[in-house]
């Protein structure tokens, strides 16, 4: 009963919060199981947490959910399910727990374990994404795409795959620039890129295991975001919630890029080592952080903000106990 009342309150809060010009979407990532446990989930998924999380998000009635990767663990000696079976199990949980929720995923590094070329990933997720009308990057069908939600032509999301075997930890810069050109031509005002690995470690992964492994390509990516006025970047990979403001002395003083990590959908929690590594002249400022807490992001978009109002707000929503 307590959980039902909390879910009801979430629904009512959403109704009161969303006006004619204001709406929301959700972001979550990293729900894989932990093979070090004595009893390992055979699906490669933390099914109990993922199921509750999807129920809670569905009850909040967002327009869609961006999922930033590591849906499954991938193939492992302690996990009996092969990668295609793990993807099928994930889709089954999503269909049962959030039947009305439109989900747009991108690969994480664990999706490549047993599927380095992405064949099983494409078979599992490309048909639904194509039916939702995503615009695939050239040569990246099934992986990177641009999508504008129906009824919200001012907004577009951009999924960026980082696991092309010939360019690990990197994105398709040319494809991104073409997608941004399309979005600008369509009059899009709010652009939200999402991917698995961070531009800078949020406190656990080393530079060799995120976009910092190739700093020249990473810096080009950040400049592209800055040139297009993009102020929010959604990622996973580190298993906690973190909000980072990225600045650079070369950038205009009124421009700040916010990297928001929400690797909190069920994967084993990571320790926080703060913002270590080589920052390459960038100023990194932590503005919010939660350890050992499952949850998701609620992103509220105001299509018609009044003077002084923020057009986009992002809040971390903890999972209901």
>> Need one number: % antiparallel among DSSP beta bridges in the chain, to the nearest 5.
In response: 70 percent
> What fraction of the Cα pairs in the range 269-321, stated in percent, has a spacing above 14 angstrom?
Replying inline: 70 percent
> Roughly how many Å is it from the Cα centre of the range 214-234 to that of the range 148-170, as a whole number?
Replying inline: 13 Å
>> For the pair residue 208/residue 100, report the inter-label distance in nm, with labels modelled 7 Å from Cα in the Cβ direction.
In response: 4.9 nm
> Can you tell me the Rg and the Dmax, both Å, for the Cα atoms in the chain?
Replying inline: 18.5, 57
>> Calculate log10 I(q)/I(0) of the range 180-321 for q = 0.19 Å⁻¹, where I(q) comes from the Debye formula with a single equal point scatterer on each Cα and nothing for solvent.
In response: -1.21
> If each residue's Cβ is checked for other Cβ atoms within 10 Å, how do 197, 55, 38 rank with the fewest at the top?
Replying inline: 38, 55, 197
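Quick check of the Kirkwood formula: for the range 57-167, what is the inverse mean of 1/r over all pairs of different Cα atoms, in Å?
14.7 Å
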> Using a simple spin-label model with points 7 Å from Cα along the Cα→Cβ vector, what separation in nm is obtained for residue 220 and residue 292?
Replying inline: 4.3 nm
>> Using only DSSP helix segments of four residues or longer, with each worth -39500 (n - 2.57), what per-residue ellipticity at 222 nm results for the chain after dividing by its residue count and rounding to 500?
In response: -8500 deg cm²/dmol
>> Give me the one-decimal nm value for the distance between modelled label points at residue 253 and residue 141, 7 Å along each residue's Cα-to-Cβ direction.
In response: 5.1 nm
> Fewest first, what order do 214, 125 take by the number of other Cβ atoms within 10 Å?
Replying inline: 214, 125
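Kindly put 166, 122, 314, 27 in sequence by how many other C-beta atoms sit within 10 Å of each C-beta, fewest to most. List each step's numbers first, then the result.
On the way: 166 5, 122 16, 314 19, 27 28.
Starting with the residue having the fewest Cβ neighbours, the order is 166, 122, 314, 27.
Here, each number is a calculation from the coordinates, and none is a lab measurement. Predicted, not measured: the structure shown is a model, and the values here were computed from it. Every residue, glycine as well, gets a Cβ built from its backbone with ideal geometry; the counts of neighbours run over all protein chains shown.
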